[in-house]
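A.B. asks: One structure, pasted below without further comment.
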2 protein chains.
Amino acid sequence: MTEARAVSASGGLALLQQCLRAKLQVKPEEEQEEAQFVQIDRGMVIYICFFKGATDDILPKMMSSLLNLRLCESVSGKMVSVLDLPGSVLIVPQATLGGKVKGRAMQYHNNIGKEDGKRLYDAFVSLCEKEVTSEEVTVKHGTYGNRQVLNMDTNGPYTHLMEF
Amino acid sequence: MTEARAVSASGGLALLQQCLRAKLQVKPEEEQEEAQFVQIDRGMVIYICFFKGATDDILPKMMSSLLNLRLCESVSGKMVSVLDLPGSVLIVPQATLGGKVKGRAMQYHNNIGKEDGKRLYDAFVSLCEKEVTSEEVTVKHGTYGNRQVLNMDTNGPYTHLMEF
């Protein structure tokens with residue numbers, strides 16, 4: 001059982017799932033306040049994890065690859081990018097993706113530190129926000145370091161994985 | 001953009017997401033028939049992809065690792081396995097996980113052939129069904145080769161990745 005190991009990538013890992021609707025809690029309910037959510041309709045959920053040693057250099061390539069890959073099924077059945085669909089993007093920080101199996105638990109020794117991770121994550125979100133310019137669609141994102149509470153409807157999550 | 005590459009594993013890849021409820025369409029709507037679904041409540045969604053050359057040898061280890069890893073948050077906040085929670089399991093075939101970037105498209109040359117993939121997938125499902133014996137929970141699964149239409153509520157998908 002301990003032989004199974006998680007994937008190791010150099011800079012970061014992105015997981016993509018196509019969605020019809022995705023809703024992420026960005027602030028939990030508190031005494032006097034209701035929970036807060038962000039939501040997208042048709043588009044793509046991008047889960048992001050950075051590893052130790054990741055630098056800003058990889059961000060433009062990540063953004064360009066993820067937004068231009070033809071992974072979205074258009075109405076005519078043709079595969080197009082989320083930019084061409086056009087679809088919205090929900091970016092979810094997901095440090096758990098960097099876990100490696102150690103016995104019956106997961107360890108995260110390869111993950112980037114919290115401050116660097118937050119900086120890279122925020123920079124990645126900004127790059128995506130600049131690239132998604134169609135008025136019909138939007139970029140939403142979770143808060144780095146928070147628990148991510150996600151509800152999602154898909155037409156097949158059609159899950160893809162990319163290393164950077 | 002073409003430098004980004006997807007993860008390559010030897011036998012198979014499993015992606016795990018924790019869920020509060022997950023519902024998978026297993027048969028699409030047809031003229032005289034409504035769509036059919038399987039559903040679990042609290043538990044874990046296991047997305048499975050096999051690569052070329054994968055054999056039955058890896059299945060017992062996969063099953064044992066995935067069901068015994070402490071990835072589920074119990075009511076008391078302690079991390080326990082899906083077997084100990086106890087939680088249900090939804091197994092989703094997800095060949096897209098084996099994709100590698102080629103230009104702006106994904107290629108699946110490393111994926112196992114359809115017949116071998118179906119055989120391994122069905123055998124993996126059987127192994128899980130034998131292991132999940134608590135009466136409170138259940139194992140549900142999608143059909144290999146079909147489009148997987150998934151709806152999911154989570155308390156943080158808490159996504160993990162394992163190679164086999």
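A.B. asks: Looking only at residues in the range A:65-94 that are of a type in the set (Gly, Ala, Ser) and free of Cβ contacts under 8 Å to residues at least 40 places away in the same chain, which one is farthest from the other protein chains (Cβ to nearest Cβ)?
C.D. replies: A:Ser76
A.B. asks: Is there a residue being at pLDDT below 95 and in contact with an Asp or Glu (Cβ under 9 Å, 6 or more places away or on another chain) anywhere in the range A:111-133?
C.D. replies: No, the range A:111-133 has no match at all.
A.B. asks: Moving on to the next point. Collect the residues in the range A:148-162 that are in a loop (DSSP other than H, G, I, E, B) and touching a helix residue (DSSP H, G or I) at 6+ places or on another chain (Cβ under 8 Å), keeping them in residue-number order.
C.D. replies: A:Tyr158, A:Thr159
A.B. asks: So which residues in the range B:14-64 are at pLDDT 95 or above, within 11 Å of chain A (Cβ to nearest Cβ) and more than 18 Å from B:Val125 (Cβ to Cβ)?
C.D. replies: Residues satisfying the conditions are B:Gln18, B:Leu20, B:Arg21.
A.B. asks: Among the listed residues A:Leu90, A:Leu85, A:Leu161, A:Leu127, which satisfies the condition of being among the aliphatic types (A, V, I, L, M) and touching a Cys at 6+ places or on another chain (Cβ under 7 Å)?
C.D. replies: One residue alone meets the criteria, A:Leu85.
A.B. asks: Looking at the range B:111-164, which of the residues that are within 14 Å of chain A (Cβ to nearest Cβ) and of a type in the set (Gly, Ala, Ser) is nearest to A:Thr143 (Cα to Cα)?
C.D. replies: Applying the filter and picking the extreme gives B:Gly156.
A.B. asks: Does at least one position in the range A:97-110 carry a residue that is facing another protein chain (nearest Cβ under 9 Å), touching a residue at least 12 places away in the same chain (Cβ under 8 Å) and of a type in the set (S, T, N, Q)?
C.D. replies: no
A.B. asks: Checking B:Glu73 against (1) at pLDDT below 95; (2) acidic (Asp, Glu); (3) closer than 26 Å to A:Gln18 by Cα, which test does it fail?
C.D. replies: Against the list (1) at pLDDT below 95; (2) acidic (Asp, Glu); (3) closer than 26 Å to A:Gln18 by Cα, B:Glu73 comes up short only on (3).
The values are calculated or read from the model by the stated rules, or taken from the named source; none is laboratory data. Just so it is clear, the model here is predicted, and its values are computed rather than measured. Using ideal geometry, Cβ is built from the backbone for each residue, glycine included, and neighbour counts are taken over all protein chains shown.
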